[in-house]
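A quick write-up on the structure given underneath.
No value in this document is a laboratory result; all are computed from the given coordinates. Nothing here was measured: the structure is a model prediction, and the numbers come from that model. Cβ sites come from the backbone with ideal geometry, for glycine too, and all protein chains shown count toward neighbours.
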Amino acid sequence: MKKKSLKKFAPLFIGLFLVYYSYDSISPENRANVLSSISKANYNFIFLSIFVGILSHISRAFRWKYLLNPLGYKLNILNSIMSVFACFFSNLAIPRSGEFVRASLIYYYEKIPFEKGLGTIVTERIIDILILSIYIFFGIIISSKLIIPNFSIEIPFLFYLLMFSIVSYFVFKLINKKGLINKFLIFFDGLKKGIFSISKIEHKIFFYTHTIFIWCCYFFMFYVVKFSIPETYNLGVEPVFIAFIAGAIAMSLTNGGIGAYPLAIAAILNQYEISYETSLAFGWIVWTSQTIMIITLGSLSFIFLPILNKK
């Protein structure tokens, strides 16, 4: 039990340590400069960034309907939107918990089987990883500052065989228990149907349009923040794009990117002749504004879901 708790809360502890590190690693004078950049920022662009972020989540909620339709389910759009915000809100507390919360909410309020809902969410995540990989690929191509270290790690084939054997042993030990094997097969079949629902989408053009729109919003909500600080106003597309990728990767390291996100942004922008303090302020502005939006709308979603689904 202690190991499970440690695994759940380790990213949060790391994030809090990184927050402390970002504070402690600069002098009191430079801390004042960071706070000054944040307080003097043009909040019109920050509010625009928040608005674009909201649009991306709403688009994700609409796109989800196209994955569930081939399975024979019509998802209420309000429930879909609120479950998406609840998902991201949950991820702030425990990484990757939001996917299960989202599938659980539509099971509770829409009676859509949990495993099928989760399967469609897994499909979404696979698509997100593929698109992020494409972003990273283009980032490497266009970057004039990125240095890729030359290293190689060789892992013996026997190691993979050993790990596969250990995992297989525990899986078969679990499903061989009385009554569990049929439940496992039913769950796996539903999960598989959810994952492969993308192959049966009727209006694929709308699904792909939402996907492109979501990731354009992700970049645009990051890009417009550069206009909020005078020092970053004239930044070109390259540094902003590379910093955006670094931030996207940092989001997976800690709970919602706490601590890691601003440091990743600062590390990149600082290479493009932007002061470390300004770069750090930029990262904190993006992270804080989007996090406040998720906390606010995620909390309201948990409140209004039972109210709007009284019947």
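See the values below:
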| read-out | value |
| --- | --- |
| Fully extended contour minus Cα-Cα distance, from Lys200 to Ile292, at 0.36 nm per residue | 29.4 nm |
| Of Lys200/Lys310; Lys111/Lys310; Lys204/Lys226; Lys74/Lys204, pairs whose Cα-Cα distance is over 24 Å | Lys200/Lys310; Lys204/Lys226 |
| Estimated distance in nm for a label pair at Ile142 and Thr209, the labels positioned 7 Å out from Cα along Cα-to-Cβ | 2.5 |
| Zone of Leu130's modelled label, taken as backbone nitrogen in segment 203-224 under 18 Å from a point 7 Å along Cα→Cβ | 203-216 |
| Distance from segment 66-84 to segment 226-282 (C-alpha centre basis), Å | 34 |
| Estimated inter-spin distance, Val122 and Ile94, nm [label 7 Å along Cα→Cβ] | 1.9 |
